[in-house]
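Input: a single structure, listed below in structure tokens.
Only the coordinates and a few stated rules stand behind these numbers; no lab work does. Please read all numbers here as calculations on a predicted model, not as lab measurements. Quick reminder, even Gly has a Cβ in these numbers, built from the backbone with ideal geometry, and neighbours come from all protein chains shown.
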Amino acid sequence: MSKFWSKVVHGLTPYTPGEQVQMPGLVKLNTNENPYGPSPRALAAMKEAAGDGLRKYSDPSNAVVKDALARRFGLTREQVFVGNSSDEVLAHTFHALLKHDLPLLTPDISYSFYPTYCSLYGIEAFYVPLNERFEIDVEDYQQPCGAIILANPNAPTGIALPLAQIEALLAAHPEQVVVIDEAYVDFGAQSSAALLGRFDNLLVIQTLSKSRSLAGLRVGFALGHPDLIAGLERVKNSFNCYPLGQVQQAGAVAALDDVAHMEQTSNAIIASRAWLTAQMQALGFEVLPSQANFIFTRHPQHDGAQLAAALRERAILVRHFKAARIDQFLRITIGTDEECGKLVDALKGILS
């Protein structure tokens, strides 16, 4: 605490990221990083961009990245916004589009950055409880609100809504912005980007951190009606006109254009997820149905925090949350087949 802090700072509870630990032989399954490397084309493009041209400012409009995204999703440049990670894109979205007289609706169990942004920007929020199966029930969102934000697939549960339910939600709230945060959509869920031509109140946010294996590059983007994108641009240009450097832009374009690499690695993760789910269930774990690059799981006879600690002693990191309703769950990133095998072997030893 400091006497120099503003009232806003005193009231904040910052987001707590997963541990970034350096440990010999570590199996790191706690931060949903992709176990496979980035596209070789992206690495080559970034290497080429890291030259004398870095002495100059990057293009503040991020035009080449927007054009790559427009090609990928069948949109125009005016329907695309680019930022320094999807977290920054989310921050601008909360600031520009989600602060209204009525409260923001969002699930009670979801990405824990959402409450942080609400505190930072003074946004009133109502946290809608997930149902007993830890699912988002869109019927629970049929109430007055200023805006809605959902992670789909949801985090940390991994459960995804089908496109028809998101479509119904958008139709029921034509005067409110509905944000669909799709950080994990490429691991088996349906993207709401398919609905952009029909709903001007839809904003879709994605990242290159997960399915493109570029968590260290920090590139995120939003897709939506030009009016929504213009609002984000006004905030961005009042905050930081140069969010992406030249190396980021070059790597992002190459990664977006290399669809084959993204699909290959995502399919490998989907296959490993199915294998790990079956192995965990055979050990007596309950595993929620995931369409993300992680599973959310608990054992009816073993405490979640104790399991996480026992795995850590064996140099395996998983994520444990202390929040109500989910304090017995572990969120486990899908690693390589070898890493998943080490996890299962360690759990067999712990449970025996």
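Other residues lying with their Cβ under 9 Å from the Cβ of Arg41 contribute a combined charge of -2, Lys and Arg counting +1, Asp and Glu -1.
Divide the volume of the convex hull around the Cα atoms of the chain by the residue count and you get 154 Å³ per residue. With a Förster radius of 41 Å applied to the beta-carbon distance between Glu78 and Glu286, the computed FRET efficiency rounds to 0.35.
What does the net charge come to around Asn30 if you take all other residues with beta carbon closer than 11 Å to its beta carbon, with K and R at +1 and D and E at -1?
Working: positive: Lys28, Arg312, Arg319, Arg331; negative: Glu19, Glu33.
Once positives and negatives cancel, what remains is +2.
Taking the Cβ of Leu232 as the center, what net charge do the other residues with Cβ under 15 Å away carry, scoring Lys and Arg +1 and Asp and Glu -1? Intermediate values should be presented prior to the final figure.
Values: positive: Lys66, Arg77, Lys99, Arg234, Lys236; negative: Glu78, Asp87, Glu88, Asp181, Asp200, Asp227, Glu233.
Computed value for this residue: -2.
Please grab the % of Cα pairs in the stretch 104-173 that end up more than 15 Å from each other. When every Cα pair of the stretch 104-173 is considered, 51 percent fall beyond 15 Å. With both labels modelled 7 Å from their Cα along Cα-to-Cβ, the Asp303 to Asp227 distance reads 5.4 nm.
Remark: the chain carries a charge dipole of roughly 940 debye about the Cα centre, counting +1 on each Lys and Arg Cβ and -1 on each Asp and Glu Cβ.
What is the antiparallel percent of DSSP beta bridges lying wholly in the stretch 118-235, to the nearest 5?
On the way: 5 of 14 bridges.
About 35 percent, rounded to the nearest 5.
Measuring r between the beta carbons of Leu351 and Asp101 and using R0 = 56 Å, the FRET efficiency lands at 0.60.
In the chain, which longest range has no chymotrypsin sites (Phe, Trp or Tyr not before Pro) that are both DSSP loop (not H, G, I, E or B) and surrounded by at most 10 other Cβ atoms within 10 Å?
Values: sites that count: Phe4, Tyr57.
So the longest stretch without any such site is 58-352.
Annotation note: trypsin sites (Lys or Arg not before Pro) in the stretch 3-104 located in DSSP loop regions with a Cβ neighbour count of at most 16 within 10 Å are Lys3, Lys56, Lys99. Simple spin-label estimate for Gln165 and Ala315 gives 4.1 nm between the two label positions (7 Å along the Cα-to-Cβ direction from each Cα).
Annotation note: GluC sites (Glu not before Pro) in the stretch 83-142 located in DSSP loop regions with a Cβ neighbour count of at most 13 within 10 Å are Glu124, Glu132.
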